[in-house]
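Everything on this sheet refers to the single structure shown next.
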Amino acid sequence: MTIVLATRNPGKISEIEALLTGVRIATAASFPGCPEPKESGRTFEENALIKARAVAGFTGKTALADDSGLEVDALGGAPGVHSARYAGATASDGDNMGRLLDALSGVADRTARFRCVIAVVAPDGRTWTSDGVCEGRILREPRGESGFGYDPLFVPAGYDSTFAELDARMKNRISHRAMALRRIAETLDALKEIPG
Ligand code: IMP
């Protein structure tokens, strides 16, 4: 069975590839014309389903989408589903981190969590979702080079290093994405029987 990842985010792709074993993985980029639907949902689950349905519909293969983001308590859960575009439609990771640090300037409560919802859509339209969270806190300045997104600002609970300082294998053990993928593993095992 081939699973098509409904994302073009290289950071997500490499983490999902490391975590999903025993299946052939393709990405939406290998299917010319594959739609990149607007993430118009109000929740991670709605957005993950929008992306997975679009890719399964276009490719005729099982699609897996990740919708994820950072929820900061002192900001009422922002940036949440807007994490990728927090500082604007074309914002870089650095722009988004800059906006986050500005929003938290002078704020003592730094608690936050990453949340991830994985949606899997089979060619026949059946859908499954799972979620994962990783609690932590936001630093006052970025540290570390690896990972992507807000990783240099996020220290997971129980650790002193940011996600961008931790070894990729360690992040893949404790992350929101790892938790959501573990939870959907049984579904994927069942789907392995489907040819294609
Ligand atoms: P979307 O799921 O494509 O809407 O984008 C998710 C956004 O949330 C990413 O672009 C990052 O800014 C942020 N994000 C999600 N997961 C992670 C992570 O594991 N590390 C750092 N940032 C993340």
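In the chain, excluding the sites themselves, the longest stretch lacking any of the GluC sites (Glu not before Pro) that are in a DSSP loop with at most 11 other Cβ atoms within 10 Å is 1-144. Calculate how steeply helix 93-103 sits against the longest principal axis of the alpha-carbon atoms of the chain, using the helix alpha-carbon long axis, and give the answer as 0 to 90 degrees to the nearest 10. Helix 93-103 sits at roughly 40 degrees to that axis. Placing dummy labels 7 Å off each Cα toward the beta-carbon, the span from Asp109 to Phe58 is 4.1 nm. Need the C-alpha centroid separation for segment 56-102 versus segment 141-178, integer Å. So the separation of the two Cα centres works out to 16 Å. Tally Lys and Arg at +1 and Asp and Glu at -1 over the other residues with C-beta under 12 Å from the C-beta of Ala56: what net charge comes out? Net of charged neighbours comes to +3.
Can you give the helix-only mean residue ellipticity at 222 nm for the chain, where every DSSP H stretch with n ≥ 4 adds -39500 (n - 2.57) and the sum goes over all residues, rounded to the nearest 500 deg cm²/dmol? It lands at -9000 deg cm²/dmol. Take the Cα of Ala26, go 7 Å toward its beta carbon, and the backbone nitrogen atoms of segment 111-129 under 16 Å from that spot belong to 121-124. Counting only alpha carbon atoms, the long axis of helix 10-19 and the longest principal axis of the chain meet at about 70°. Rounded to the nearest 10 degrees, the angle from helix 44-59 to the longest Cα principal axis of the chain is 30 degrees.
Readers should treat all values here as calculations from the given coordinates under stated rules, not as data from a laboratory. Remember, predicted model here, so these are calculated numbers, not experimental data. Note that each Cβ is placed from the backbone with ideal geometry, even for glycine, and that neighbours are counted across all protein chains shown.
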